[in-house]
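Contents: one structure, followed by commentary.
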Amino acid sequence: MSFINYAAKEINCKVVYFGAGLCGKTTNVQYVYENTQQDLKGKLVTLSTENERTLFFDFLPLSVGEIRGYKTRFHLYSIPGQTFYEVSRQFILKGVDGIVFVVDSQAERMEANLESYHALEKALEQQGYDLNKVPLVLQYNKRDLPGAVAVSELDATFNPKRRPFYEAVANRGEGVMETLQTVCQSVIRELKGG
């Protein structure tokens with residue numbers, strides 16, 4: 001749910017990167033941060049746990065324009081992937097406007113990806129969201145690794161609703177900005193009423 005800052009004439013939207021542990025969520029957020037103009041972004045905040053980091057920063061993408069005279073500021077979060085961080089995930093998902101679900105394309109990670117997808121559905125449901133109605137973009141990451149699962153198989157498993165998806169190699173920046181741009185545009189469309 002977007003937050004409106006009337007004094008600054010800004011609409012603040014939350015986009016969460018969700019997926020299994022070590023699938024590339026943090027890499028995506030770091031890449032976006034490093035490739036956003038200094039004057040358009042806030043400070044990168046890292047909350048480290050024993051096994052994983054949660055990153056957060058906000059930025060003002062000029063490309064999305066204004067809504068009724070208000071600039072749109074996006075707050076990006078990477079969320080802990082391991083199941084024992086469920087409380088953290090619930091907290092970070094509160095008020096979400098858009099989701100990037102990052103899928104690790106390695107065959108041996110399919111079970112972890114599925115577990116994470118079901119955890120996302122459950123977490124959203126507990127907060128009164130319907131995954132089918134939240135702007136969602138899928139990112140099939142680690143496409144450069146040998147034996148990566150075919151995109152058609154990933155789509156059949158994770159994308160029955162035919163949502164936008166991108167193939168990515170996040171550690172090289174491939175597909176990262178395209179994924180972000182699409183989820184931001186979906187959030188803007190939702191704010192404008194469809």
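The values are calculated or read from the model by the stated rules, or taken from the named source; none is laboratory data. Fair warning: this is a prediction, and the values are worked out from it, not measured in the lab. Glycine gets a Cβ as well: all are built from the backbone with ideal geometry, and neighbour counts include every protein chain shown. Note: areas computed on protein heavy atoms with side chains; ligands, DNA, RNA excluded. Shrake-Rupley method; radii C 1.70, N 1.55, O 1.52, S 1.80 Å.
Here are a few things to note about the model shown:
- For the range 17-42, the tally of residues that are of a type in the set (A, V, I, L, M, F, W, C) and under 16 Å from N113 (Cα atoms) stands at 4.
- Test: residue in the range 83-95 that is under 28 Å from K9 (Cα atoms), outside any helix (DSSP H, G or I) and touching a Lys or Arg at 6+ places or on another chain (Cβ under 8 Å): yes
- If you check E153, E178, E174, E190 for being without any contact (Cβ under 8 Å) to a residue 40 or more places away in the chain and closer than 19 Å to T72 by Cβ, only one passes: E178.
- Matching strands (runs of 3 or more DSSP E) fully within the range 1-57 where at least 2 residues are more than 20 Å from T182 (Cα to Cα): 3-5, 45-48
- L120 assigned to a helix (DSSP H, G or I), in contact (Cβ under 8 Å) with a residue 60 or more places away in the chain and within 12 Å of the chain's Cα centre (by Cα): yes
- Candidate set from the range 151-181 (those that are of a type in the set (S, T, N, Q) and part of a helix (DSSP H, G or I)); member that is least open to solvent (accessible area, probe 1.4 Å): T179
- Residue in the range 130-143 that is more than 20 Å from Y77 (Cα to Cα), in contact with a strand residue (DSSP E or B) (Cβ under 7 Å, 6 or more places away or on another chain) and not charged (D, E, K, R) present: no
- Set Y129, Y140: member being without any contact (Cβ under 8 Å) to a residue 60 or more places away in the chain, open to solvent by less than 10 Å² (accessible area, probe 1.4 Å) and of a type in the set (S, T, Y): Y140
- Condition check for V103: within 17 Å of the chain's Cα centre (by Cα), within 22 Å of V32 (Cα to Cα), in a helix (DSSP H, G or I) and not small (G, A, S): no
- Scanning the range 57-76 for residues that are open to solvent by 50 Å² or more (accessible area, probe 1.4 Å) and modelled with pLDDT of 70 or more returns E66, R68, K71.
Listed here are the residues, each with its yes/no results for (1) β-branched (V, I, T); (2) surrounded by fewer than 22 Cβ atoms within 10 Å (Cβ to Cβ); (3) under 16 Å from the mean Cα position of the chain (by Cα).
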residue	(1), (2), (3)
N12	no, yes, yes
V16	yes, no, yes
G24	no, no, yes
N28	no, no, yes
T36	yes, yes, no
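- The range 132-150, subset assigned to a loop (DSSP other than H, G, I, E, B) and hydrophobic (A, V, I, L, M, F, W, C), residue nearest to the chain's Cα centre (by Cα): V134
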